[in-house]
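**Student:** Quick one: structure below, then a few questions.
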Amino acid sequence: MSRHAVIIGAGITGTLTAVRLQKEGWSVTILEAHHVGAGSSSRTAAGIRQQFSTPETVLGMRYSVDHYKRFPEEVGGMMSPIVQNGYLFLIGDQPEQAQERVKMQRACGLDEVEFLNPAETQERFPFVDPDNIVGATWCPSDGFLRPEVVYGEAAASARARGVTILQNAPVEKAKTSADKVTAVWAKGSWHEADLFVDTTNAWTQRLSSILGCSQIPVDPVKRHLWFLARGGAFTGKQLMNMPMVVTPSGAYCHPENAETLMAGWAKETTVDAHFSFDCQDDVDAAYSHKSGVDSVAYETWFALSESLPPIGEFAGIHATTCGYYGVTPDHNPFLDFDPHHTNVLRLVGFSGHGAMFGPFSAHVAAQLAEAGKNPSTIDVLGHSVSLAPFAINRPFKAHEAMVI
């Protein structure tokens, strides 16, 4: 029996889900309002880590890391998009909590994660000031992604497998019957399907209004990234080998290449419910490196240099970019069928973690599509994983603690 799915959004989540559903026997159409990778996927810091405080996410991200390591086999292309330089969380207080998280993560099979005291941290990472921390957590299999490789190769693989990708095809209206969506209108025609998958993330509330779906709490907020030119005694080889580092202040950085460091800091910004597509690249003056030393750009640089003194000797900030997070109240995403329309699957609200969640989101989508409903658990790497932390109707009590 032929089954057809329409995926709305052609970023990392949408393209990886298309490949996975096609493998499971679905015929698939992707409707993208602009072009492949046009949204947050092309504007992400693209970290990938298994160090979370939610056990189900630890297991999910172990799945994602394994998938990205085997990307040419699983998806296609000639290279894996993952750079496993590791993830180093510098701890400013409450080392006991960090040690408990490490214990939980190891219980989830993340055997390589460990807690380091200040002296051990400096011994392994001489660029860290040990006087500014009470310890660190370190996982060498974490790192960062090349997002353009992910959505580019996934889209190419999807097309080669017979998936139709329509670009410049925003969804404008929908037909419904009882508790289901039967078709959506895009690019001058109706697209009927058995399953509709929302991967629009920061745009999801707008799509909800069109489809008549539940207005789930996903707030679009802008996040900025800055690019620092290497300088001082830090060599290009040292920079290229540097892990993703998250400082006690929340400022973070990882190498973009041998001459450039990417930096970010999740400073609170207002919810921008009415943003347009072009607003993605509008840099707020307070966050621009062009605004001088009083800007958040320089505040981030100074915050990084407090924990990483060699970064203070870098040559300067030469670029600012930005994009949107889709943020949920507990910083866990929604991976669930919509309460109003039982054939609409919502894969949204990643709170900045969408790139790393991509393979796991596609795995969950395939399991839910096969079941036709939300099972209480799914299999992930031989573990029975509860989907309760990702349910739409969950109480927002257990917040993900490790958010940047």
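The values are calculated or read from the model by the stated rules, or taken from the named source; none is laboratory data. This structure is a prediction, so every number in the text was calculated from the model and none was measured. Counting neighbours? That spans all protein chains shown, and the Cβs are built from the backbone with ideal geometry, glycine included. To get the accessible areas, we keep the full protein, side chains included, count just its heavy atoms, and leave off ligands, DNA and RNA. Shrake-Rupley method; radii C 1.70, N 1.55, O 1.52, S 1.80 Å.
**Student:** Could you state the angle between the C-alpha long axis of helix 12-23 and the longest principal axis of the C-alpha atoms of the chain, as a value from 0 to 90 degrees rounded to the nearest 10?
**Tutor:** 50 degrees
**Student:** A further question on this structure: Work from the charge dipole of region 93-237 (Cβ charges, +1 for Lys and Arg, -1 for Asp and Glu, about the Cα centre) and give the residue of L195, T137, Q97 farthest towards its positive end.
**Tutor:** After comparing all options, I get L195.
**Student:** Further, regarding this structure: Name the long-range amide H neighbours of A319: under 5 Å, sequence gap of 5 or more, or other chain; modelled H, no Pro or chain starts.
**Tutor:** Excluding prolines and chain starts, which carry no amide H, the hits are F227.
**Student:** For region 210-219, just list the computed ³J(HN,Hα) in residue order, Karplus coefficients 6.51, -1.76 and 1.60, θ = phi - 60°, integers in Hz, with x standing in for Gly and Pro.
**Tutor:** Taking θ as phi minus 60°, the curve returns 6, 7, x, 8, 5, 7, 7, x, 10, 9 Hz for region 210-219.
**Student:** Using the Cβ atoms and a cut-off under 13 Å, what net charge is assigned to the surroundings of R206, where Lys and Arg are +1 and Asp and Glu are -1?
**Tutor:** -3
**Student:** In addition: Could you tell me whether the chain comes out rounded, prolate or oblate from its Cα gyration tensor? Rule is a ≥ b ≥ c as square roots of the eigenvalues, rounded for a/c under 1.5, then prolate if a/b exceeds b/c, otherwise oblate. Walk me through the numbers before you get to the answer.
**Tutor:** Numbers: a/c = 1.87, a/b = 1.56, b/c = 1.20.
Prolate, since a/c reaches 1.5 and a/b exceeds b/c.
**Student:** With a probe of 1.4 Å, find how much accessible area region 186-284 has per residue, and write the answer as a whole number in Å².
**Tutor:** 40 Å²
**Student:** For the chain, find the longest principal axis of its Cα atoms and tell me its angle to the long axis of helix 354-371, 0 to 90°, nearest 10.
**Tutor:** For helix 354-371, the angle is close to 30 degrees.
**Student:** Also, quick follow-up: Once amide H atoms are built 1.01 Å from N in the peptide plane, which residues 5 or more positions from L88, or in another chain, come under 5 Å H to H?
**Tutor:** M244, V245, V246
**Student:** Taking a probe of 1.4 Å, how large is the accessible area per residue of region 291-371, in Å²?
**Tutor:** In whole numbers, region 291-371 has 27 Å² accessible per residue.
**Student:** Can you work out the Karplus-derived ³J(HN,Hα) for every residue in region 379-384? Use 6.51 cos²θ - 1.76 cosθ + 1.60 with θ = phi - 60°, whole Hz, and x for glycine or proline.
**Tutor:** 8, 9, 6, x, 9, 8
**Student:** To continue, here is another question. Protein chains only, probe 1.4 Å: how do K267, K237 rank by accessible area, largest first?
**Tutor:** Ranked from most to least accessible, the order is K237, K267.
**Student:** I would also like to ask the following. Return the calculated 222 nm mean residue ellipticity for the chain, to the nearest 500 deg cm²/dmol, obtained by summing -39500 (n - 2.57) across DSSP H runs with n ≥ 4 and dividing by the residue count.
**Tutor:** Theoretical 222 nm ellipticity from helices: -8000 deg cm²/dmol.
**Student:** Could you give each residue of region 79-88 its phi-based ³J(HN,Hα) in whole Hz, using Karplus coefficients 6.51, -1.76, 1.60 with θ = phi - 60°, and x for Gly or Pro?
**Tutor:** So the Karplus estimates, Gly and Pro as x, are 9, 7, x, 9, 10, 8, 7, x, 10, 10 Hz.
**Student:** Rounded to the nearest 20 Debye, what is the dipole magnitude of the chain about its Cα centre when Lys and Arg each give +1 and Asp and Glu each give -1 at the C-beta? All intermediate terms of the calculation are to be shown ahead of the outcome.
**Tutor:** Working: 30 positive and 43 negative charges, 232 e Å.
The calculated dipole for the chain is roughly 1120 debye.
**Student:** Let me ask another. Just subtract the alpha-carbon distance of S291 and K69 from 0.36 nm times their residue separation and send over the number in nm, one decimal. Each step should come with its number before you reach the end.
**Tutor:** Details: separation 222, 0.36 × 222 = 79.92 nm, distance 4.00 nm.
Going from the current span to full extension adds 75.9 nm.
**Student:** How many lysine pairs are close in the chain, with Cα atoms under 23 Å apart and the two 8 or more places apart or on different chains?
**Tutor:** 12
**Student:** With +1 on each Lys and Arg Cβ and -1 on each Asp and Glu Cβ, and nothing else charged, work out how big the dipole of region 284-340 is about its Cα centre, in Debye to the nearest 20.
**Tutor:** Details: 1 positive and 8 negative charges, 52 e Å.
Magnitude of the dipole: close to 240 debye.
**Student:** OK, next. Treat every Asp and Glu Cβ in region 232-350 as -1 and every Lys and Arg Cβ as +1, leave all other atoms uncharged, and give the resulting dipole magnitude about the Cα centre to the nearest 20 debye.
**Tutor:** Dipole of region 232-350, to the nearest 20 debye: 320 debye.
**Student:** Along the positive direction of the dipole of region 225-318 (beta-carbon charges: Lys, Arg +1; Asp, Glu -1; about the Cα centre), which of C253, S276, G236 reaches farthest?
**Tutor:** Towards the positive end, the residue furthest out is G236.
**Student:** Over the chain, what is the mean sequence separation of C-alpha contacts under 8 Å (at least six apart), divided by residue count, expressed as relative contact order in percent?
**Tutor:** 23 percent
**Student:** Roughly what angle does helix 95-107 make with the longest principal axis of the chain, taking Cα atoms, 0 to 90 degrees, to the nearest 10?
**Tutor:** Roughly 50 degrees, rounded to the nearest 10.
**Student:** Calculate, for region 1-137, the solvent-accessible area per residue in square angstrom, rolling a 1.4 angstrom probe over the heavy atoms of the protein chains.
**Tutor:** With all protein chains present, region 1-137 gives 38 Å² per residue.
**Student:** A further question on this structure: Summarise the accessible area of region 99-142 (1.4 Å probe, protein heavy atoms) by the percent that is carbon and sulfur. The partial results should precede the final answer.
**Tutor:** Working: 970 of 2130 Å².
About 46 percent, which is the carbon plus sulfur part of the accessible surface.
**Student:** Related question: How big is the antiparallel share of DSSP beta bridges in the chain, given as a percent to the nearest 5?
**Tutor:** In the chain, approximately 75 percent of DSSP beta bridges are antiparallel ones.
**Student:** Counting Lys +1, Arg +1, Asp -1, Glu -1, what net charge surrounds D338 among other residues with beta carbon under 13 Å of its beta carbon?
**Tutor:** So the surrounding residues net to 0.
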